Number of protein chains: 2
Amino acid sequence: MDQFQHNSAGYLANHMARLFAAGLARRIQPLGLAPAQFMVLLELWHSDGRTQADLTAALDVEQATMANTLKRMERDGLIRRLPSEEDRRARLIHLTDRARALEAEAKAAAGAQNAQALAGLDEAERATFTALMRRVIGNMQRG
Amino acid sequence: MDQFQHNSAGYLANHMARLFAAGLARRIQPLGLAPAQFMVLLELWHSDGRTQADLTAALDVEQATMANTLKRMERDGLIRRLPSEEDRRARLIHLTDRARALEAEAKAAAGAQNAQALAGLDEAERATFTALMRRVIGNMQRG
DNA sequence: ATTATTTACATAGCACGCTATTTAATTGGA
DNA sequence: TCCAATTAAATAGCGTGCTATGTAAATAAT
């Protein structure tokens, strides 16, 4: 039936994620940021000077995905990589002044996107929604 | 805080959609299909011989995205494009025998992925979940 | 009828996700 | 100690999403 795709959780999840990404992209583009860069910045604003492996684990993406995102962030002047003292294979990721200066505005933009997405949902509905997403994520992670 | 990204609806939506896509990809790969191709096939199994513009609207992606997906599907022997009689700009998309033969197996694979994702959710929870996703999608579409 | 606009599709170029492979450094075991 | 296994990161190649442009056909407006 025609409803199969539009009713399936998988289709809705994909559609919803695309709309989230597009909305966030539109809002942070004036700051010179892309969505995946913003996620890395969230981690680094929280604690700077981490390894690529640490960021990879924190955001649950593949190592190669993170490596490419960091390459673009370095190109764009958002991070610098300094050799680690303890492990000569690793390079620690450090925010630039430019990236540090973007924190408030970027977080506000992301907050606005979340607010728009969740408009009309009361606190209980928001809690239910995120709890259900977490359960579904858990189901797919083990398996 | 560390919880910002992992608790935000946007992060969860992105994560969930990636897990859905990865699970579906793994399940339909033995059939020689990729996720976006499967979505197009769902539309064509339902009604064949449509225009690219029609498929674009049905799946709510950009025209260029659909054009590229259809190019790969043609390359992979899933579709053929026949000139439209009424409009010489348009080419109607037709399933090949190979694509037609994959319907049952591919739908079963997608159903299994959805079942895994929604395991442990009763009917009411599933209904709540999809209803909430639809509301959130609606919020982001208008604006 | 001619011109302007719209429509259908293709293409270029980019972001970001993935798998698979390679290189270099570190760690562990014989 | 020396060799094997592991670990950190880079790179290649691809799928799928996007915006921006270009081209040809169809439609609308003058």
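Among the residues that make up region B:35-52, is at least one of them assigned to a helix (DSSP H, G or I), surrounded by 15 or more Cβ atoms within 10 Å (Cβ to Cβ), of a type outside the set (Lys, Arg) and near DNA strand C (Cβ under 8 Å from one of its atoms)? Yes; the residues of region B:35-52 include at least one that is assigned to a helix (DSSP H, G or I), surrounded by 15 or more Cβ atoms within 10 Å (Cβ to Cβ), of a type outside the set (Lys, Arg) and near DNA strand C (Cβ under 8 Å from one of its atoms).
Residues are listed down the side, and each one gets a yes or a no for (1) within 30 Å of residue A:114 (Cβ to Cβ); (2) touching a helix residue (DSSP H, G or I) at 6+ places or on another chain (Cβ under 6 Å); (3) modelled with pLDDT under 95:
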position: B:10; (1), (2), (3): yes, yes, no
position: B:18; (1), (2), (3): yes, no, no
position: B:22; (1), (2), (3): yes, no, no
position: B:25; (1), (2), (3): yes, yes, no
position: B:29; (1), (2), (3): no, no, no
position: B:37; (1), (2), (3): no, yes, no
position: B:48; (1), (2), (3): no, no, no
position: B:51; (1), (2), (3): no, no, no
position: B:54; (1), (2), (3): no, no, no
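Condition test on residue A:125, is it over 22 Å from residue A:27 (Cα atoms) and within 9 Å of chain B (Cβ to nearest Cβ)? Considered against the rule, which asks whether it is over 22 Å from residue A:27 (Cα atoms) and within 9 Å of chain B (Cβ to nearest Cβ), residue A:125 comes out as yes. When we screen A:55, A:70 for residues that are within 15 Å of the chain's Cα centre (by Cα), surrounded by 13 or more Cβ atoms within 10 Å (Cβ to Cβ), more than 14 Å from every other protein chain (Cβ to nearest Cβ) and within 13 Å of DNA strand D (Cβ to nearest atom), the only hit is A:70. How many residues are without any contact (Cβ under 8 Å) to a residue 24 or more places away in the chain and within 17 Å of residue A:40 (Cα to Cα) if we restrict to region A:84-101? Total satisfying the criteria: 4.
Residues in region B:73-83 that are surrounded by 13 or more Cβ atoms within 10 Å (Cβ to Cβ), without any contact (Cβ under 8 Å) to a residue 24 or more places away in the chain and in contact with a helix residue (DSSP H, G or I) (Cβ under 8 Å, 6 or more places away or on another chain): B:80, B:81. For region B:18-30, does any single residue satisfy the condition of being in a helix (DSSP H, G or I), more than 12 Å from chain A (Cβ to nearest Cβ) and of a type in the set (A, V, I, L, M)? No, region B:18-30 has no match at all.
Only residues that are more than 15 Å from residue B:71 (Cα to Cα), in contact with a Leu (Cβ under 8 Å, 6 or more places away or on another chain) and away from DNA strand C (no atom under 12 Å from the Cβ): list them for region B:82-100, please. Explain how you work it out, then say what you get.
Step one: of region B:82-100, the residues more than 15 Å from residue B:71 (Cα to Cα) are B:83-89, B:97-98, B:100.
Of the ones still in play, those that are also in contact with a Leu (Cβ under 8 Å, 6 or more places away or on another chain) are B:83-84, B:98.
B:98 - this is the single residue of region B:82-100 that is more than 15 Å from residue B:71 (Cα to Cα), in contact with a Leu (Cβ under 8 Å, 6 or more places away or on another chain) and away from DNA strand C (no atom under 12 Å from the Cβ).
Pairs linking a residue in region A:115-143 that is farther than 22 Å from residue B:19 by Cα to a residue that is part of a loop (DSSP other than H, G, I, E, B) and of a type outside the set (S, T, N, Q), with Cβ atoms under 9 Å and 6 or more positions apart or on different chains, are A:116/B:143; A:119/B:143; A:125/A:118. Selection of region B:106-136 for residues being under 21 Å from residue B:47 (Cβ atoms) and either among the basic types (Lys, Arg) or not assigned by TED's automatic domain parsing to the domain that holds residue B:26 (or both) yields only B:107. Every listed requirement among (1) away from DNA strand D (no atom under 12 Å from the Cβ); (2) of a type in the set (Lys, Arg); (3) within 11 Å of another protein chain (Cβ to nearest Cβ) is met by residue B:50 save one, (3). Counting residues in region A:101-115 that are at negative phi, more than 14 Å from every other protein chain (Cβ to nearest Cβ) and within 16 Å of DNA strand C (Cβ to nearest atom) gives one or more. Yes or no: residue A:60 touching a helix residue (DSSP H, G or I) at 6+ places or on another chain (Cβ under 8 Å), on the phi > 0 side of the Ramachandran plot, outside the structural domain of residue A:108 (by TED's automatic domain parsing) and of a type outside the set (Val, Ile, Thr)? Judged against the criteria, residue A:60 is a match.
The values are calculated or read from the model by the stated rules, or taken from the named source; none is laboratory data. Everything numeric here is computed off the predicted structure, so don't read it as measured data. Backbone-built Cβ (ideal geometry, glycine too); neighbour counts: all protein chains shown.
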